[in-house]
Amino acid sequence: VTGTGLPVRWGILGAGRIVSGAVGPALAATDRAVVVAVGSHDPERAAAVAPAATRGGYGDVVADPDVEVVYIALTNDAHVPWALRAVRAGKHVLCEKPLGVRAEEVEVLLDAAADAGVEVVEASWYRWHPRTRHAEALVAGGDLGEVVDVRAGFSFSGVPAGDYRLDPERGGGAVYDVGCYALSAVGWATRWAALEVVGVEQLGHVGGVDLHVTARCRAGTATAEVRASIDGPDAQWIEVVGSRGTLRFSPPAFTAWTAGAASLEVEEATTGRSETRTFPACNPYRSMVDAVSDRVRGRDAWVVPGSESLWVARAVDAILARFSPR
Ligand SMILES: NC(=O)c1ccc[n+]([C@@H]2O[C@H](COP(=O)([O-])OP(=O)(O)OC[C@H]3O[C@@H](n4cnc5c(N)ncnc54)[C@H](OP(=O)(O)O)[C@@H]3O)[C@@H](O)[C@H]2O)c1
C-alpha cells in the first residue's frame, strides 16, 4: 500500500458480537485499514478488538483527530444519532444495518453527509459478496427480462433473553434485524422500483417487538413477498423471477461467508434449462471495509449507495406502519 495513503485510520463504536466476530477481524486482516480507537463500555472487550488502539467512550472516538472513518456497531436506535455526530465531526461512516430506524432520520443523515462531503455507508455486507454482485449485474443488464416476482426471506433462531433485538427501545424486532436484508434484495431485484406494501402478517409480537413478519408488496410492476423472523426456523432465500429467466440463491442467501462456496442457479424461462454458477468462499466483510477505505482515499470502489439504504428504510417504515401498536 506504499504511496497510496493507506492504511485508512478507523475508529469503532461498540465492541459487541458483530465487531468481535466479523468486522474487527476483517479490519485486522486488511492492509488498507488500521483500527486506531475503540469506544466501548467495556475496556476489556475493546482491548480484545484492537490491542494497540486507544480506548474510551464513543464521544472520544468521534472527537479523535486521528480517526478518519467511524464504524458504528451499536444497537439500531443509536445508529443515526452517532452517525450524525461523526459526520458533523468530519468523519466518514460505515454504519451497521439498518442505517436508521426511520426513513426520515436516514434522510437527515444522508443530507448531513452530503453537506460535509463525507461517505456514509450502510454495512449491508452481503451486497459485497461476488454472488450478490453477479446477481445484481444480471438483473441490471436485463438478462432476466422483466422481473415479475421476488421472494426473499431471512429467518433465524436463538436470540438470547436480554438481547437488544427483543427491546423495542433499542430498535429490536425482525423487520429491523433481518427484514432489511430481504427488502434490499427486493430493491436490487426490481431496480429500486417504487414499493407499495399490500399486506402484512405479523405472527408473534412480544414486548412490543415483532418476531415473524410476512409482507406482500408491489415494486413497480413486480410482486414481492418478504419474510423476516428472529424466532426461527433457520432459513434464508432469494428468488427472482423474470420473463426470460429465474435466479435462485443457494442457502444461506445472505450470510454466505468463509465457510463454503455459494451458488446461484440461473434458469431460462423458455427452455427450462438451468445452470449453476459457483462462487468460492470469501469474506464480504473484508471486501466491505476495503471498499470503504478505498473510497475514503478517493479510489473507485463500489459501496451501497445511500439512496438504496433510504429505499430500504422507507420500505421498513411502510411495513411497520401496518403494525399496531407501533
Ligand atoms: N452485518 C452483520 O452481519 C451483522 C450481524 C449482527 C448484527 N449486526 C448489526 O450490528 C449491530 C450490533 O449488533 P450485535 O449483534 O453486535 O449486538 P451486541 O453484541 O448486543 O452489541 C451491541 C453493542 O451496542 C452497544 N450498546 C450501547 N448501548 C447499548 C444498550 N443500551 N444495550 C445494549 N448494547 C448497547 C454495546 O457496546 P459496548 O458495550 O461495547 O459499549 C454493545 O456491545 C446491530 O445494528 C445489528 O443490526 C450486523
So, in the range 253-280, how many residues would count as being within 16 Å of the ligand (Cβ to nearest atom), loosely packed, with under 14 Cβ neighbours inside 10 Å and either closer than 20 Å to V139 by Cα or modelled with pLDDT of 95 or more (or both)?
0
For the subset of the range 270-298 comprising residues that are of a type in the set (D, E, K, R) and free of Cβ contacts under 8 Å to residues at least 24 places away in the same chain, which member is farthest from A189 (Cα to Cα)?
R273
How many residues of the range 204-245 are at pLDDT 95 or above, of a type in the set (A, V, I, L, M, F, W, C) and surrounded by fewer than 19 Cβ atoms within 10 Å (Cβ to Cβ)? The answer is 1
Considering every residue within the range 239-252, establish whether at least one is within 16 Å of the ligand (Cβ to nearest atom) and touching a residue at least 40 places away in the same chain (Cβ under 8 Å).
no
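The values are calculated or read from the model by the stated rules, or taken from the named source; none is laboratory data. This is a predicted model, so every value here is computed, not measured. Note: ideal-geometry Cβ built from the backbone for every residue, glycine included; neighbour counts use all protein chains shown.
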